[in-house]
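Read through the structure below, which is laid out as structure tokens, and then see the notes.
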Amino acid sequence: MTGAARGDRHGLGDPRIPWTILLRVGERDAVPANRLRMLARRLPDPVTLYRSGDALAIAADHSRLDGLSLLAVLEEQLGVPVRSTAAGVGTDRPQDRLWTALSRRAIEISLHPPAVVAASTSPAGSGDVFVEERVPGHVSTGRLVGAGARAVARWNRAHHARDQRVSVAIGVSTRPAGETQIGDHSAYLRLTDAETMRADEVRAAIATAPLQPGGTPVGGGLLAAVTRLLAPRLGSSLLVSHLGDVETTGCTDLAFYPVTGGASGVALGAVGIGGHTTITLRARAAQHDEDGLRTLLATVLAEL
């Protein structure tokens, strides 16, 4: 899967990466292909609906739709309510200014650069690699962030790579509570040294971290050139995004794959439904093969 290269959507994004999010849906009753085509024509933004084995896949350009919007698309497709416990952080949370964030990152990469997830031994080539596992019960965002950071540290130690200064970008929504309009309301928080944090420290950091610059493309001139040059190093070790626990009668299983942003190009996703949570990893095939990514995911689950 390649998707739309719109990584410049966020001020610190990498314009070279695919900027597509994906939701895999295990339906109770398969919807006919002609209805899928009719739905796609009705949607106000670019959305791709297609069959992937015995499941439905919903993919969208992340510069136009966020993860919660994928659930809104799913609701239209199923014709029944789809509700998630995921709550937006709202628009009142403080946000770092772009130049402030760039300055902070410049100091960081000069003195204490974030860890980069070590590549698998046999990278597969182009596109992205997707793996997932289902676990019982609810998995909170805080638990997922902590487990992901510790897993990166363990993985890097096993691959003789630097295992300190794991930074995690956390995908959040700024849409008001109860808002269901399809669009992109996404933003990011960022934690550093996440592998050293206790569970309560992770929760506190998530609750107070400022929003990172985003929502508008990078400006022109020198700023754009510098951002594009430094984007791979300005990014975080790992991206984490959780769609919450979903309630609906129209499907039996869900899996969410965020964009492969950040310095490592590794994204950890989660969504709960029916008393279980599906944990996913997505990475660039140039750095990771399926076997390697499955091993990394097993490490995340062990940390959970």
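Note on MET38 and ASP291: with the Förster distance fixed at 41 Å, the Cβ-Cβ geometry gives a FRET efficiency of about 0.55.
Residues within the reach of a label modelled at HIS276 (point 7 angstrom out along Cα to beta-carbon, backbone nitrogen below 18 Å), restricted to region 244-258, are 244-257.
Extending 7 Å from the Cα toward the beta-carbon at both HIS138 and ARG157 defines two label points whose distance is 3.1 nm.
If I stretch the segment between LEU301 and ARG93 completely, what's the gain in nm (0.36 nm per residue apart, minus their alpha carbon distance), one decimal?
Details: separation 208, 0.36 × 208 = 74.88 nm, distance 3.11 nm.
Result for the pair: 71.8 nm of gain on full extension.
Just so you know, all these numbers are worked out from the coordinates, no wet-lab data involved. Because the structure is predicted, anything quoted here is derived from the model rather than measured. Reconstructed Cβ throughout: ideal geometry from the backbone, glycine too, with neighbour counts over all protein chains shown.
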